[in-house]
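**Q** Attaching a single structure in structure tokens format; questions to follow.
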Amino acid sequence: MKREFLFSCYQTPRGKLLQAMEIEYLQKAIDLSYKQTLLQIGGLNFENEFLDCDLFQRFTILDNAGLGTNITAKIQAKAFSLPIQTETIDMIILPHLLEFDAHRFQTMREVERVLKPEGQLIILNFNPWSFWLRSQYLLDKRLAESWRGYFISRSRLLDWLKLLNFELKMTVEFEIDSFKTTRGSFSLNKNTLLATAYAIKAIKRRYTIIPLTQTRGAPIGLNMASSLKSTQQANRND
């Protein structure tokens, strides 16, 4: 997992704007109560700018390199093997993690495992079609050398979520100086191609299958026939 490219991008003028927009988005997207459990996989070192870590005492940062603000609980572990019990987390944030995770498929399965049913998932990713992102990668040698990741399109990520029984709640496009939110749908358009990054918020659904079993006892038709026969006999006796 190599995320130096991310932090190098945040130092550029366009990257600083992206960082500010992502902070504003996360402030609005995190809608938990202080008693619920929040897990962020992948430290950013500026978590206190979008979350009151003193209020959310059940906020934990998991990062293999130990990154993340020091005013909250931290776990140093690998994302594809979470040392967390099954179905114990109310919300998980993946801030630019999957692009740099060679085991991203297993990480997604682990995320699904530890989330509670109806738990929320927030993912931040770079837009692979962004001209700015490609130019930074190709023209800036310092940034290019720090890139050890994978470009992940939003449509592909949505396919992964669908396979894991997640329901899309909203998508967000981070453009040059603002972000646009679309609830419950995604369509490819001009703004999508120009966006620097995107965010997805989804909910883990747990569907219970109710088996159809045959009712014990006599068939309904026979019961009705017996009832009619008894009624006719009663009428004759009268």
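**Q** Would you mind calculating the relative contact order of the stretch 4-208 from Cα pairs under 8 angstrom and at least 6 residues apart, reporting the percent as a whole number?
**A** 20 percent
**Q** Oh, and also: Is the stretch 1-73 best put as rounded, prolate or oblate by its Cα gyration tensor, with a ≥ b ≥ c the root eigenvalues, rounded for a/c under 1.5, and otherwise prolate when a/b is larger than b/c, oblate when not?
**A** oblate
**Q** Once the Cβ-Cβ distance between ILE203 and LYS35 is put in as r, and R0 is 22 Å, what FRET efficiency do you end up with, to the nearest 0.05?
**A** With R0 = 22 Å, the Cβ-Cβ based efficiency is 0.70.
**Q** Can you put CYS53, CYS9 in order of Cβ neighbours within 10 angstrom, beginning with the fewest?
**A** By the 10 Å Cβ count, ascending: CYS53, CYS9.
**Q** Oh, and also: What order do you get for THR88, THR60 when you list them from fewest to most C-beta neighbours inside 10 Å?
**A** Fewest-to-most ranking of THR88, THR60: THR88, THR60.
**Q** Could you tell me which trypsin sites (Lys or Arg not before Pro) in the stretch 3-69 are loop residues by DSSP with no more than 10 other beta carbons within 10 angstrom of their beta carbon?
**A** Counting only loop positions with at most 10 other Cβ atoms within 10 Å, the trypsin sites (Lys or Arg not before Pro) in the stretch 3-69 are LYS35.
**Q** Now for a separate question. Can you work out the base-10 log of I(q)/I(0) for the stretch 4-208 at q = 0.11, 0.12 1/Å, using the Debye formula on its C-alpha atoms alone?
**A** -0.48, -0.58
**Q** Going by C-beta contacts inside 10 Å, put GLU24, GLU112, GLU118, GLU99 in order with the fewest on the left.
**A** On the way: GLU24 15, GLU112 20, GLU118 11, GLU99 23.
By the 10 Å Cβ count, ascending, the order reads GLU118, GLU24, GLU112, GLU99.
**Q** Now for a different question. Can you tell which of TYR150, SER178, LEU124 lies farthest toward the positive end of the dipole of the stretch 4-208, using +1 and -1 charges on the Cβ of basic and acidic side chains (Lys, Arg; Asp, Glu)?
**A** Farthest towards the positive pole: TYR150.
**Q** While we're here: Given a cut-off of 19 Å, name the pairs among LYS28/LYS162; LYS162/LYS204; LYS2/LYS116; LYS16/LYS169 whose C-alpha atoms lie farther apart than that in the structure shown. Show your work: numbers first, answer last.
**A** Details: LYS28/LYS162 24 Å; LYS162/LYS204 10 Å; LYS2/LYS116 29 Å; LYS16/LYS169 27 Å.
From LYS28/LYS162; LYS162/LYS204; LYS2/LYS116; LYS16/LYS169, over 19 Å: LYS28/LYS162; LYS2/LYS116; LYS16/LYS169.
The numbers here are math on the coordinates, done by the rules we state, and not lab data. What you see is a predicted model; the values in this text were computed from it and never measured. Positions of Cβ are backbone-derived with ideal geometry, glycine not excepted, and every protein chain shown enters the neighbour counts.
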